[in-house]
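In what follows, a single structure is set out as structure tokens and then discussed.
The values are calculated or read from the model by the stated rules, or taken from the named source; none is laboratory data. Bear in mind the structure is a predicted one, so any value in this text is a computation, not a measurement. Don't worry about glycine lacking a Cβ; one is built from the backbone with ideal geometry, like all the others, and counts go over all protein chains shown. Surface accessibility is based on the protein's heavy atoms, side chains included, excluding ligands, DNA and RNA. Shrake-Rupley method; radii C 1.70, N 1.55, O 1.52, S 1.80 Å.
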Amino acid sequence: MVPHARTSARPFVLRARSTAALALRTGTTAHWATHWLPTLVLNGIGVGLALPTLNNAAAHALPAERFGVGTAINNTFRQLGAVLGVSIFTAVLGSPAAGDLLGGYHRVWWVLAAVPAVSAVLYTVAHRSD
């Protein structure tokens, strides 16, 4: 088995909080440097910390001779997740009227904040004994 490093669900929580901040802080007069930049930086940090956590979790249960195949499958599903994320974004946003565009984006951000929050819970439950 591949050695298991100590990991946590914190990157998922950071990602969820930064995406929720977009829904909470962005209004019709949002300023890029005060609303978008801080939340997108936190979002990037959360994603950057979550990917190694996910890779480690996927490789943990693999025997050493299956490590390459297992990580390749993990990366394939990560790419599929990106496609699903864009699809969910488009489906939730839909075609809002001009007056409801901000509300449409707020709905999208809340849904996209829920995904890493649920991931954090699932990760914690799955790795409770580690």
Exercise. Rank these by accessible area, largest first, 1.4 Å probe: 67, 77, 89.
Key: 77, 67, 89
Exercise. Report relative contact order for the chain in percent, whole number only (criteria: Cα-Cα under 8 Å, sequence separation at least 6).
Key: 42 percent
Practice problem: Only Lys, Arg, Asp and Glu count, each charged at its Cβ (+1, +1, -1, -1), so figure out the dipole size of the chain about its Cα centre, rounded to 20 debye. | Solution: 200 debye
Practice problem: Subtract the Cα-Cα distance of residue 40 and residue 83 from 0.36 nm times their separation in residues, and report this length gain in nm to one decimal. | Solution: 13.5 nm
Quiz item: Roughly how compact is the chain, stated as its Cα Rg over 2.2 N^0.38 Å to two decimals?
Solution: 1.22
Quiz item: Cα centroids of segment 51-130 and segment 6-29: how far apart, whole angstrom?
Solution: 14 Å
Practice problem: When a/c is below 1.5 the answer is rounded, else prolate if a/b is larger than b/c, else oblate, so apply that to segment 79-119 with a ≥ b ≥ c taken from the square roots of the Cα gyration tensor eigenvalues. | Solution: oblate
Quiz item: Can you give the angle from 0 to 90° between the axis of helix 101-126 and the longest principal axis of the chain, with both taken from C-alpha atoms, to the nearest 10?
Solution: 20 degrees
Self-check item: Per-residue SASA entry for residue 86, accessible area with 1.4 Å probe, Å² rounded to 10
Solution: 90 Å²
Self-check item: Longest DSSP-loop-exposure-free segment, trypsin sites (Lys or Arg not before Pro), the chain, at most 10 other Cβ within 10 Å
Solution: 7-127
Quiz item: Counting only Cα, what are the radius of gyration and maximum Cα-Cα distance Dmax of segment 44-112, in Å?
Solution: 16.9, 56
Quiz item: Hey, what angle do you get for helix 37-60 against the long axis of the chain, alpha-carbon based, 0 to 90 degrees rounded to 10?
Solution: 20 degrees
Quiz item: Which one of 13, 88, 59 is farthest out on the positive end of the charge dipole of the chain, using unit charges on Cβ (Lys, Arg +1; Asp, Glu -1) and the Cα centre as origin?
Solution: 13
Quiz prompt | On Cα atoms only, tilt of 10-25 relative to the major axis of the chain in degrees | solution = 10 degrees
